[in-house]
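First comes the structure, then the notes that go with it.
The values are calculated or read from the model by the stated rules, or taken from the named source; none is laboratory data. All of these numbers come straight from a predicted model, not from anything done at the bench. Neighbour counts are summed over all protein chains in view; Cβ atoms, including those assigned to glycine, are modelled from backbone coordinates with ideal geometry.
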Amino acid sequence: MAVFDMDGTLTCETYYTYYDTMMFIEYCLRDHPEKTSDELKQVAASIEPGYKADEALARNFAKAYAGMTVQELYDYAVEFGKKYTSSFNNMRYIENTYLPMAELVEYLYDNEFTIYVISGTERTTTRAIVANSPIKDFVTPEHVIGTDFEVKQRGYENVSSNMDFKYENGDDLVFTGGFVQKDLNANKSIYVEREIGQRPILAFGNSSSDTSMMNYAIDDRNPYPAQAYMVVADDSEREWGTQKWDEKSAEYAAMGYTPISMKNDFGQIYPDGVTKGAVQYNKNDWVVDDAAIKQAA
């Protein structure tokens, strides 16, 4: 069994940030400002490079999608993926998969590995991304684990216990705006244990938020020999990578991980025709002043 982080490991996270964050910005400021509070519009407009993809931000994501059914959020994630990013030329957001990593997933699958994607992105959104990516035939929906927002049965959103009612034909499952858990750091190892029930023998990540999952795999108590790999974003020519190979490779090797260089180990990162854009980020891409935000509503 092999586990993969998604953002920055399987897919791009540098245009100028994660798929789910760009989706939140577009939802609040372009696609559905009429459904979005002024507070959430301000949050969306304030996101710039260097922001923290932390639990506080994820809680705002959950609020934005309150009232949507699970299927509606899935469908919106797919539709958003059809949009083009300005951080790269000729790239839709859904075309964000690192091709060498997709080849690796296929290779492992062909050699009878079960593949799991363990992501900090919300679970339904992660499933939509995976199902529309080059790895769709190798990772089934039940093998996608991500951050969880609260889901309730429509009409019972304010009932404290789900034991007090039953699902009937035609009922909808909706997001309440509540937040359950962010799938990063120690939660990654907890999710693996809770939902899979065994230690992986291969783990792939790209940042400190993945180390718990990596360490859980290579823990001495794993009954099988295990290995962990870290993708280093050191390619500044084809990608917006800023990491220094010498520094990160030494750091990861000291932690027991094998580093992977995007610059030197990836023959081709994205599909033919995709190139790095002239600029990574243009603040004018979104309305940012208070008057414009309120007018958009």
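Reported count of residues in the stretch 132-186, each being farther than 30 Å from Tyr216 by Cα and either under 26 Å from the mean Cα position of the chain (by Cα) or touching a residue at least 60 places away in the same chain (Cβ under 8 Å) (or both), is 9. Summed over the stretch 179-195, residues that are out of contact with any strand residue (DSSP E or B) (no Cβ under 6 Å at 6 or more places or on another chain) and among the aliphatic types (A, V, I, L, M) total 3. Filtered by the rule that a residue be in a helix (DSSP H, G or I) and exposed (fewer than 14 other Cβ atoms within 10 Å of the Cβ), the stretch 43-59 gives Ser46, Ala56.
Select from the stretch 31-42 the residues that are over 19 Å from Gly178 (Cβ atoms) and in a helix (DSSP H, G or I) and list them in ascending order. Residues satisfying the conditions are Asp31, Pro33, Glu34, Asp38, Lys41, Gln42. Scanning the stretch 154-178 for residues that are touching a strand residue (DSSP E or B) at 6+ places or on another chain (Cβ under 6 Å) and under 23 Å from Phe61 (Cβ atoms) yields a total of 8. Exactly one residue out of Ala66, Ala62 is part of a helix (DSSP H, G or I) and in contact with a strand residue (DSSP E or B) (Cβ under 9 Å, 6 or more places away or on another chain), and it is Ala62. Considered as a group, the residues in the stretch 1-30 that are assigned to a loop (DSSP other than H, G, I, E, B) and modelled with pLDDT of 95 or more include one that is nearest to the chain's Cα centre (by Cα), and that residue is Met6. If only residues of the stretch 205-220 that are part of a loop (DSSP other than H, G, I, E, B) and touching a residue at least 24 places away in the same chain (Cβ under 8 Å) are counted, the one that is surrounded by the most Cβ atoms within 10 Å (Cβ to Cβ) is Asn206. Taking the stretch 222-267 as the range and being more than 24 Å from the chain's Cα centre (by Cα) and farther than 30 Å from Gln198 by Cβ as the test, the residues that pass are Asp246, Glu247, Ala250, Asn264.
Each row is one residue, and each column tells you yes or no for (1) in contact with a Phe, Trp or Tyr (Cβ under 7 Å, 6 or more places away or on another chain); (2) buried (at least 22 other Cβ atoms within 10 Å of the Cβ); (3) aliphatic (A, V, I, L, M).
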{"position": "Lys82", "(1), (2), (3)": "no, no, no"}
{"position": "Pro100", "(1), (2), (3)": "yes, no, no"}
{"position": "Val105", "(1), (2), (3)": "yes, yes, yes"}
{"position": "Thr124", "(1), (2), (3)": "yes, yes, no"}
{"position": "Ile129", "(1), (2), (3)": "yes, yes, yes"}
{"position": "Phe165", "(1), (2), (3)": "yes, no, no"}
{"position": "Gly170", "(1), (2), (3)": "no, no, no"}
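Scanning the stretch 100-123 for residues that are of a type in the set (S, T, N, Q) and without any contact (Cβ under 8 Å) to a residue 12 or more places away in the chain returns a single hit, Asn111.
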